[in-house]
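*Asks:* Before we start, here is the structure in question, set down as structure tokens.
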Amino acid sequence: MTVEMNDQVQKILDNYLGRLRRHLQGLPDGDREELVREIYSHIYDSYAQDETKDGVERILGVLDRLGEPSEVVSGHLSGSMKRMGRKRNLPFLILAGFFIGIFGLPLGVGGLVLLIGLGITLAALIFTYYVAAGAFVLSGWLTIIVTTIRIFYPHFFVENIHLLDQVLPPEFALPLNYAAGVILLLLGVGMVLQGRHIQRGARYLFGLPGQSMRHLRQKPWFIAAREKGEASIVANSLEGQV
Amino acid sequence: MENKKKQLRKGILELAILGALDRQSHYGFSLIKHLTGDNGIDLTEGTIYPILSRLSREGLVSAEWVESSQGPPRKYYVLTESGSEAHRVLAGEFTRLQELVARASGAIDRHDAPQDLPQIEVNKEANHDC
């Protein structure tokens, strides 16, 4: 049994295989041609078994059942290779970048610098907060240690404690020093614990740019525009060849 | 919804392919015919090729080109030894999952699963003791 394919059918088939090859850009030549041969073999068998009279209708039915090239190749390529196959988007992206560069740059740079400046300021404030908390914890802890050591060695650290020229009697100074140490320590620990609110706020603020990009990509009009772009390219190439 | 359907299908389709190849070797088109049969399950035929190539990469199937008297050569797939093993394991898992789904949606009544009830009672008693 041999199968006749007229010129039109052959053109549709070639167009499909061409698109398949483009989707497989990035695969080694041997692997790519093997898959194309396999798909060609499938199309041939499917076409031979189909009983539709009109050749064009028949091949379109066969290809429709087979699915778009993107479905046939998904999984053959890793993500990065798939992106390489999308080279046809590149001219458009370059053009878009060019226009944004010309019209958006003067406006954009000022805003961007302001945003970056604010971000750095905020980061510095948060950093300062934690440094202060750390200082509290450290000084509280040291106060407790020094006070404890002074129980056994009353002369330890004595010149620093007498800075204010006030010498308190030990029975009075000890609990006072301990209390001060504990309060400082608790203050520092409390600041660190409360810092989680600040962290949450900061994560939200610094995460905003990424989030809005993600939202943008999920917007129906964005997806529609992208798919329309691909569909029109396919339609154009079909019209050109059939 | 369409996405969920796709996800569910993917794994099961893989199992079906392993099952079909366990019985005899197939080329892509014959495998599709074998899987869909006459009942017209709507299967985008191309989706089996990525699965076949993945199975091949994983060493579960091996492939060879065979000349055809009716047209271009065909790529035949056979299950390897580890493929048979994978099919056995996955088929067993699938049966268990099937039962789980049937029981969860109440298709199997209590009569069929007697071991469930006593266990619940034992737990209750244990709670009373506490």
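*Asks:* Could you tell me how many of the residues in region B:18-30 are out of contact with any His (no Cβ under 7 Å at 6 or more places or on another chain) and within 13 Å of another protein chain (Cβ to nearest Cβ)?
*Replies:* Matching residues across region B:18-30 total 2.
*Asks:* Same structure, new question: Among the residues of region B:60-88, write down those that are surrounded by 11 or more Cβ atoms within 10 Å (Cβ to Cβ) and assigned to a helix (DSSP H, G or I).
*Replies:* B:Ser82, B:Gly83, B:Ser84, B:Glu85, B:Ala86, B:His87, B:Arg88 - these are the residues of region B:60-88 that are surrounded by 11 or more Cβ atoms within 10 Å (Cβ to Cβ) and assigned to a helix (DSSP H, G or I).
*Asks:* Restricting to region B:31-49, what's the tally of residues that are open to solvent by 10 Å² or more (accessible area, probe 1.4 Å), at the interface with chain A (Cβ under 8 Å from one of its Cβ atoms) and without any contact (Cβ under 8 Å) to a residue 12 or more places away in the chain?
*Replies:* 1
*Asks:* Continuing with this model, one more query. Hey, any hits in region B:4-12 for a residue that's within 13 Å of another protein chain (Cβ to nearest Cβ), at pLDDT below 90, open to solvent by 70 Å² or more (accessible area, probe 1.4 Å) and out of contact with any Leu (no Cβ under 9 Å at 6 or more places or on another chain)?
*Replies:* For region B:4-12, residues within 13 Å of another protein chain (Cβ to nearest Cβ), at pLDDT below 90, open to solvent by 70 Å² or more (accessible area, probe 1.4 Å) and out of contact with any Leu (no Cβ under 9 Å at 6 or more places or on another chain): present.
*Asks:* Which residue pairs have Cβ atoms closer than 6 Å, lie 6 or more positions apart in sequence or on different chains, and pair a first residue in region B:69-80 that is within 9 Å of another protein chain (Cβ to nearest Cβ) with a second residue that is surrounded by fewer than 16 Cβ atoms within 10 Å (Cβ to Cβ) and part of a strand (DSSP E or B)?
*Replies:* Between residues of region B:69-80 that are within 9 Å of another protein chain (Cβ to nearest Cβ) and residues that are surrounded by fewer than 16 Cβ atoms within 10 Å (Cβ to Cβ) and part of a strand (DSSP E or B), the close pairs are B:Pro73/B:Trp65; B:Pro73/B:Glu67; B:Arg74/B:Val66; B:Arg74/B:Ser68; B:Lys75/B:Trp65.
The values are calculated or read from the model by the stated rules, or taken from the named source; none is laboratory data. Remember, predicted model here, so these are calculated numbers, not experimental data. Cβ: placed from backbone, ideal geometry, glycine included. Neighbour counts: every protein chain shown. What goes into the accessible areas is simple: the full protein's heavy atoms, side chains included, and nothing from ligands, DNA or RNA. Shrake-Rupley method; radii C 1.70, N 1.55, O 1.52, S 1.80 Å.
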